[in-house]
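Scroll down for the structure; my scribbles are underneath it.
The values are calculated or read from the model by the stated rules, or taken from the named source; none is laboratory data. Quick caveat: nothing in here was measured; it's all calculated off a predicted structure. FYI the Cβ positions are ideal-geometry reconstructions off the backbone, even for glycines, and counts take in every protein chain you see. With ligands, DNA and RNA removed, areas are computed over all heavy atoms of the protein, side chains included. Shrake-Rupley method; radii C 1.70, N 1.55, O 1.52, S 1.80 Å.
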Amino acid sequence: MKKIIIAIDGFSSTGKSTLAKHLGYVYVDTGAMYRAVTLFAMQNNCIGIDFLDKEKLIKSLPSIKLSFKFNSELGFAEMYLNDVNVETEIRTLEVSGFVSRVAAISEVRSKLVEQQQEMGKEKGIVMDGRDIGTVVFPNAELKIFMTAGADTRAQRRFDELQAKGDLVSYDEVLKNVVERDYIDTHRDDSPLVMADDAIEVDNSYLDRKEQFDVVLELVNEVINSL
Ligand code: DC
């Protein structure tokens with residue numbers, strides 16, 4: 001069967017790695033890459049509570065190696081920063097608090113976009129992010145734009161963090177979600193916008209299985225039309 005590129009942008013959602021697995025496709029969570037660069041910036045004194053040393057981070061970019069390694073027990077690829085598994089560290093609220101500022105730096109974006117385009121060369125990929133249908137793969141065969149209310153997304157993140165034993169409050173998580181939405185949609189370079197040819201899916205009231213079914217139907221329509 002012909003393989004395609006599936007670009008999923010918009011606000012966070014669930015079940016995309018399951019979809020990739022079902023199709024025998026590679027799943028790439030590009031948010032994890034921006035989070036890993038942010039973690040690097042935190043570990044190397046390029047970012048802190050009241051500063052962001054852009055120049056220092058930009059100079060360090062060549063020494064940042066990002067890779068994904070599939071974990072068969074978990075069923076998804078984990079993020080590695082300079083060959084160290086950082087999957088847990090990149091999901092903290094602290095990283096979430098800084099990531100949008102790091103993701104607004106053009107030099108960071110061009111490095112990651114180049115790597116993402118390389119990963120999609122063979123097609124057969126589900127790539128999830130904010131600029132996949134607009135910048136990374138403007139010719140993707142299927143573009144989906146996921147939306148959901150900020151409160152629904154905050155609740156999902158809060159549940160995830162709580163399940164991991166992170167002591168955060170719902171209000172903190174909601175504040176972070178709203179702040180990131182603002183920065184992501186207002187930055188100069190590749191702001192989060194829906195591509196003209198994307199299909200919007202509001203997943204506020206869809207559970208994992210329902211989201212999976214909606215997206216799979218869209219995928220089948222595209223594949224059958226090729
Ligand atoms: O999907 P996420 O919440 O893990 O993404 C973390 C941040 O990375 C998000 O606030 C915006 C940024 N991001 C981006 O700018 N471009 C992408 N393709 C993916 C994520």
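Just a few scattered comments:
Yes or no, residue by residue, for (1) more than 17 Å from the chain's Cα centre (by Cα); (2) modelled with pLDDT under 95; (3) over 30 Å from residue 222 (Cα atoms); (4) surrounded by 20 or more Cβ atoms within 10 Å (Cβ to Cβ):
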site: 47; (1), (2), (3), (4): yes, no, yes, yes
site: 54; (1), (2), (3), (4): yes, no, yes, no
site: 71; (1), (2), (3), (4): yes, yes, no, no
site: 102; (1), (2), (3), (4): no, no, yes, yes
site: 124; (1), (2), (3), (4): yes, no, no, no
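- Test result for residue 159, surrounded by fewer than 20 Cβ atoms within 10 Å (Cβ to Cβ), within 21 Å of residue 90 (Cβ to Cβ), at pLDDT below 95 and within 13 Å of the ligand (Cβ to nearest atom): no
- Failed condition for residue 219, given (1) under 18 Å from the mean Cα position of the chain (by Cα); (2) part of a helix (DSSP H, G or I); (3) surrounded by 14 or more Cβ atoms within 10 Å (Cβ to Cβ): (1)
- Residues located in segment 80-100, provided they are more than 10 Å from the ligand (Cβ to nearest atom) and either basic (Lys, Arg) or crowded, with 19+ Cβ neighbours inside 10 Å (or both): 81, 86, 87
- If only residues of segment 101-123 that are part of a helix (DSSP H, G or I) and aliphatic (A, V, I, L, M) are counted, the one that is farthest from the ligand (Cβ to nearest atom) is 119.
- Every residue from segment 21-45 that is within 16 Å of the ligand (Cβ to nearest atom), open to solvent by 40 Å² or more (accessible area, probe 1.4 Å) and over 17 Å from the mean Cα position of the chain (by Cα): 42
- Among the residues of segment 85-108, those that are of a type in the set (Gly, Ala, Ser) and more than 25 Å from residue 71 (Cβ to Cβ) comprise 97, 100, 104, 106.
- Total residues in segment 130-156 satisfying the condition of being acidic (Asp, Glu) and out of contact with any strand residue (DSSP E or B) (no Cβ under 9 Å at 6 or more places or on another chain): the figure is 1.
- Which listed residue is within 15 Å of the ligand (Cβ to nearest atom) and within 17 Å of residue 28 (Cβ to Cβ), from 178, 126, 173: 126
- When segment 176-213 is filtered for residues that are in a helix (DSSP H, G or I) and exposed (fewer than 15 other Cβ atoms within 10 Å of the Cβ), the ones remaining, listed by number, are 178, 179, 182, 185, 186, 208, 209, 210, 213.
- For residue 75, the conditions (1) farther than 23 Å from residue 154 by Cα; (2) crowded, with 19+ Cβ neighbours inside 10 Å are fulfilled apart from (2).
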